[in-house]
1. Under 7 Å between Cβ atoms, at least 6 apart or on separate chains: pull out the pairs that start in the range 73-102 with a residue that is of a type in the set (D, E, K, R) and end on any residue that is not in a helix (DSSP H, G or I).
2. For the range 1-30, give me the residue count where each residue is more than 20 Å from ARG56 (Cβ to Cβ) and modelled with pLDDT of 50 or more.
3. If you take the residues of the range 77-106 that are part of a helix (DSSP H, G or I) and over 18 Å from the mean Cα position of the chain (by Cα), which of them is farthest from LYS223 (Cα to Cα)?
4. Given (1) under 26 Å from HIS67 (Cβ atoms); (2) surrounded by fewer than 20 Cβ atoms within 10 Å (Cβ to Cβ); (3) of a type outside the set (Lys, Arg); (4) touching a helix residue (DSSP H, G or I) at 6+ places or on another chain (Cβ under 6 Å), identify the lone condition not met by SER191.
5. Give the number of residues within the range 60-85 that are more than 17 Å from ILE47 (Cβ to Cβ) and of a type in the set (S, T, N, Q).
6. Can you tell me which residue in the range 190-226 is farthest from ASN29 (Cα to Cα), limited to those that are outside any helix (DSSP H, G or I) and either of a type in the set (Asp, Glu) or modelled with pLDDT of 95 or more (or both)?
7. For ASP131, all conditions in the list (1) touching a helix residue (DSSP H, G or I) at 6+ places or on another chain (Cβ under 9 Å); (2) charged (D, E, K, R); (3) modelled with pLDDT under 95; (4) within 20 Å of VAL25 (Cβ to Cβ) hold save one; what is the number of the exception?
8. Among the residues of the range 31-61, what is the count of those that are modelled with pLDDT under 95 and polar (S, T, N, Q)?
Amino acid sequence: MKKVFFIFFIFIPFFLIGSNPIEHVYLANKFFENQKLFSKDEKKSFILGTLFPDIRYLNEISREKTHFKNIEILDVLNSKTPFEAGKKFHSFVDEKRDEFIIKNNIYERLNLDFIEKTLYLKFLEDEIVFDKIDLTEFINFLDDFDDEEKEVSFACQSRWHAMLYHYFNNKPSYILYYVSYLKSFFWGIDSSKLYDWSFSLEKDSKKNEFLIYFDELLSYFEKLMF
């Protein structure tokens, strides 16, 4: 497991409030491997597309330009390019995940205020997924850039890929542990609470109730995708 230098975290934006990139890649990979529209050679473009929308947290492009509303799987399949399909799949996951969580009262299982619940659950899902997928292929994808990423500057693209590279190389619990030592607020959460979360995430990711929740969430997506 690679460890990240503390200085890196100074440059982490608030993008994790709206994104759980490991889960996005996990679901995107499952979808791509079971669809027949795009070739395997187009997988990199699809994955970079599904990771692209939350680049908006770097404040160079608005959410309106990176996210779609009311996306269904048919909209993804009708995309003109694999990158566009990836972008639409990202919005599909965001919307359907929120629907599932609200319908099943998942937030009620967490003894936190609402903002903290939304953030903690995203970290928790990525903590669970981290051990379910080999991220090496996707980390290597980040060495390249898709032409459709030119909606933003190359500096913005490069920063985004670098952040994702580090995130994919570290469990969320490790990230929170290191961030907590900066003794500041991140994502609106006090550093002492992030420190506590770094340990609770690891424990919660092994609890049956959350493992069952994630399995049910995955089954929900599989029914929608296939």
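1. LYS88/PHE68; LYS88/ILE71; LYS88/SER79; GLU95/ILE71
2. Summing the residues that are more than 20 Å from ARG56 (Cβ to Cβ) and modelled with pLDDT of 50 or more in the range 1-30 gives 3.
3. Filtering the range 77-106 for residues that are part of a helix (DSSP H, G or I) and over 18 Å from the mean Cα position of the chain (by Cα), the one farthest from LYS223 (Cα to Cα) comes out as PRO82.
4. Of everything listed in (1) under 26 Å from HIS67 (Cβ atoms); (2) surrounded by fewer than 20 Cβ atoms within 10 Å (Cβ to Cβ); (3) of a type outside the set (Lys, Arg); (4) touching a helix residue (DSSP H, G or I) at 6+ places or on another chain (Cβ under 6 Å), SER191 misses just condition (1).
5. 3
6. Only one residue fits best here, namely ASP190.
7. (1)
8. Residues in the range 31-61 being modelled with pLDDT under 95 and polar (S, T, N, Q): 4 in total.
The values are calculated or read from the model by the stated rules, or taken from the named source; none is laboratory data. Just so you know, these numbers come straight off a predicted model, no measurement behind them. So basically every Cβ, Gly included, is an ideal-geometry build from the backbone, and we count neighbours across all protein chains shown.
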